[in-house]
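*Asks:* First the structure, then my questions, so here it is.
The values are calculated or read from the model by the stated rules, or taken from the named source; none is laboratory data. Predicted model only: the values in this text are computed from it and were never measured. Because the Cβ atoms are built from the backbone with ideal geometry, glycine has one as well, and the counts that use them run over all protein chains shown. Ligands, DNA and RNA are excluded from the accessible area calculation, which covers all protein heavy atoms including side chains. Shrake-Rupley method; radii C 1.70, N 1.55, O 1.52, S 1.80 Å.
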Amino acid sequence: MKLYRAMDYNDMSRKAANIISAQVIMKPNCVLGLATGSTPVGIYKQLIEWYSKGDLDFSRVKTANLDEYKGLTKENDQSYYHFMRENLFRHVNINEAYTNIPDGTETDANKEAARYEETIKELGGIDLQLLGLGHNGHIGFNEPSDIFTRDTHIVDLQESTIEANKRFFDTIEEVPKQAYTMGIGTIMSAKKILLVVSGEDKAEILHDVITGPVSPRVPASILQLHPDVIIVADEAALTKF
């Protein structure tokens, strides 16, 4: 693991965006594994700014997102498809046909999981996978468990996740109870992994991820076993070091 210390969230976003932009420049037809949530928003803003200045070209880039809520259409403003479109895709010259996100409307979970795994294989694998870190160490929707999941699969969202997400919906009944997510094995198959962490509330779990035992109870701890992991964290997230 390589650990880069950033001053704050904005500095973390710039440093992480630098790593992604270098990947795009070095391999214009690279495959980027992308994440959603609040943490990567600043990264995407920086990439859009550099694209607007003519420093980046996304025309040959292909993408595969980590996860998607089951039951939400692309048009739903809480879907991750909508998130990616609003926070990155519609602002750069990426070919929409080159973007890949699990289909939340597919009711056959096994069928969709197999399709998405095959899609990633057809892309040639992921060159760089961007990850955020959950408070309990989850990556994607891979929550603490007794085993490390292997491939893309469907998960039942924990009550804490449903409770945290209810602010985005009119009623708690509308909050998705399941999601499709890349498995730990899928994530670990990426050639390079970029983990971004911000905030003092992530300090303890980040310490466990880096220094603790590798355990499915802390899913992100598996990253200790990957040959090429970069962590960019701000000062607040590194208070335990």
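*Asks:* Out of segment 93-111, which residues are at pLDDT 95 or above, under 14 Å from residue 73 (Cα atoms) and of a type outside the set (Gly, Ala, Ser)?
*Replies:* 101, 102, 103, 105, 106
*Asks:* Hey, does segment 156-174 have a residue that's under 24 Å from residue 128 (Cβ atoms) and modelled with pLDDT of 90 or more?
*Replies:* no
*Asks:* Which number in (1) surrounded by fewer than 20 Cβ atoms within 10 Å (Cβ to Cβ); (2) modelled with pLDDT under 95 marks the one condition that residue 41 misses?
*Replies:* With (1) surrounded by fewer than 20 Cβ atoms within 10 Å (Cβ to Cβ); (2) modelled with pLDDT under 95 applied to residue 41, the lone miss is (2).
*Asks:* Here's a follow-up. Take the conditions over 16 Å from the mean Cα position of the chain (by Cα), of a type in the set (Phe, Trp, Tyr) and on the phi < 0 side of the Ramachandran plot and apply them to residue 148. Does it pass? Reasoning before the result, please.
*Replies:* Working: over 16 Å from the mean Cα position of the chain (by Cα): yes; of a type in the set (Phe, Trp, Tyr): yes; on the phi < 0 side of the Ramachandran plot: yes.
It is true that residue 148 is over 16 Å from the mean Cα position of the chain (by Cα), of a type in the set (Phe, Trp, Tyr) and on the phi < 0 side of the Ramachandran plot.
*Asks:* Sticking with this one: Can you name the number of the only condition in (1) surrounded by fewer than 18 Cβ atoms within 10 Å (Cβ to Cβ); (2) within 16 Å of residue 179 (Cβ to Cβ) that residue 155 fails?
*Replies:* Unmet for residue 155, out of (1) surrounded by fewer than 18 Cβ atoms within 10 Å (Cβ to Cβ); (2) within 16 Å of residue 179 (Cβ to Cβ): (1).
*Asks:* Then there is this: Pick out the one residue from 237, 190, 233 that is crowded, with 21+ Cβ neighbours inside 10 Å, in a helix (DSSP H, G or I) and of a type in the set (Gly, Ala, Ser). Step through it out loud before you land on a result.
*Replies:* Working: 190 fails: in a helix (DSSP H, G or I); 233 fails: in a helix (DSSP H, G or I).
Result of the check over 237, 190, 233: 237.
*Asks:* Report every pair of residues separated by at least 6 positions or lying on different chains whose Cβ atoms are under 6 Å apart, first residue within segment 60-84 and more than 21 Å from residue 173 (Cβ to Cβ), second open to solvent by 50 Å² or more (accessible area, probe 1.4 Å) and of a type in the set (S, T, N, Q).
*Replies:* 60/29
*Asks:* Could you list, in sequence order, all residues of segment 112-133 that are in contact with a His (Cβ under 8 Å, 6 or more places away or on another chain) and either of a type in the set (Lys, Arg) or open to solvent by 30 Å² or more (accessible area, probe 1.4 Å) (or both)? Give the steps one after another, and end with the answer.
*Replies:* Step one: of segment 112-133, the residues in contact with a His (Cβ under 8 Å, 6 or more places away or on another chain) are 113.
Passing the criteria: none in range.
*Asks:* Of 16, 97, which residue is open to solvent by less than 20 Å² (accessible area, probe 1.4 Å), of a type in the set (A, V, I, L, M, F, W, C) and outside any loop (DSSP other than H, G, I, E, B)? Before you say what the answer is, go through the steps one by one.
*Replies:* Numbers: 97 fails: open to solvent by less than 20 Å² (accessible area, probe 1.4 Å).
When all the criteria are applied, what remains is 16.
*Asks:* Any chance you could count how many residues in segment 203-221 are closer than 10 Å to residue 137 by Cβ and touching a strand residue (DSSP E or B) at 6+ places or on another chain (Cβ under 9 Å)?
*Replies:* Total satisfying the criteria: 9.
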